[in-house]
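Asks: Dropping a structure here in structure tokens format, bear with me for questions.
The values are calculated or read from the model by the stated rules, or taken from the named source; none is laboratory data. Keep in mind that what you see is a predicted model, and the values were worked out from it rather than measured. Backbone-built Cβ (ideal geometry, glycine too); neighbour counts: all protein chains shown. The area values use the complete protein model at the heavy-atom level, side chains included, leaving out ligands, DNA and RNA. Shrake-Rupley method; radii C 1.70, N 1.55, O 1.52, S 1.80 Å.
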Amino acid sequence: RVQDVVPSDVEFDYSFLRASNASDAQEAIDSGTVRVDPTWRSGSRWGMTLGEVGCFLSHHRLWRKIAAELDARPDKYAIVLEDDAVLSDDFAERIVDVVSSSTRHGAEFVYLAYRFSGALENDRVVVDNQL
């Protein structure tokens, strides 16, 4: 899918990260690497599922990797996408505008979007009145 969105004349390095699973989560809890706060509440239930802990572990590992790799490369950027992300046909052009705008404003982090469900076709994120 990446190749379908990024123009061939754009240098684009990407990698995939193996997601942590319930077994990884249980191991992290058992070893004390992760402590789950039993008083944490999500909606109508208490505590976190092993899936949620695994999701955290995946995200934490990814952010650490990005920080380590980009720390020495301030001219580079990272985009984190889920494996089922659906990108618009003009994503490559639009992300250039987002990077340009965030650089002008000194942003170190840009949260692109998050949706539980619903059509995104008519939704647009506005950055400097450009998108």
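Asks: Within the stretch 42-69, track down each residue that is surrounded by 10 or more Cβ atoms within 10 Å (Cβ to Cβ) and either at pLDDT below 80 or not in a helix (DSSP H, G or I) (or both).
Replies: Passing the criteria: S42, W46, G47, M48, T49.
Asks: Still on this structure, please answer the following. List every residue pair whose Cβ atoms sit under 7 Å apart, with the two residues 6 or more apart in sequence or on different chains, where the first one lies in the stretch 48-68 and is hydroxyl-bearing (S, T, Y) and the second, anywhere, is surrounded by fewer than 15 Cβ atoms within 10 Å (Cβ to Cβ).
Replies: S58/L17
Asks: Kindly establish whether S15 is at pLDDT below 90, in a loop (DSSP other than H, G, I, E, B) and over 23 Å from the mean Cα position of the chain (by Cα).
Replies: Taking the combined requirement at face value, the residue does not satisfy it.
Asks: Right, something else. Does at least one position in the stretch 83-93 carry a residue that is outside any loop (DSSP other than H, G, I, E, B), within 20 Å of D13 (Cα to Cα), at pLDDT 85 or above and open to solvent by 60 Å² or more (accessible area, probe 1.4 Å)?
Replies: So the first thing to find is which residues in the stretch 83-93 are outside any loop (DSSP other than H, G, I, E, B), and the list is 91-93.
Filter once more, keeping what is within 20 Å of D13 (Cα to Cα): 91-93.
Imposing the further condition that a residue be at pLDDT 85 or above reduces the set to none.
Looking for residues that are outside any loop (DSSP other than H, G, I, E, B), within 20 Å of D13 (Cα to Cα), at pLDDT 85 or above and open to solvent by 60 Å² or more (accessible area, probe 1.4 Å), one finds none in the stretch 83-93, hence no.
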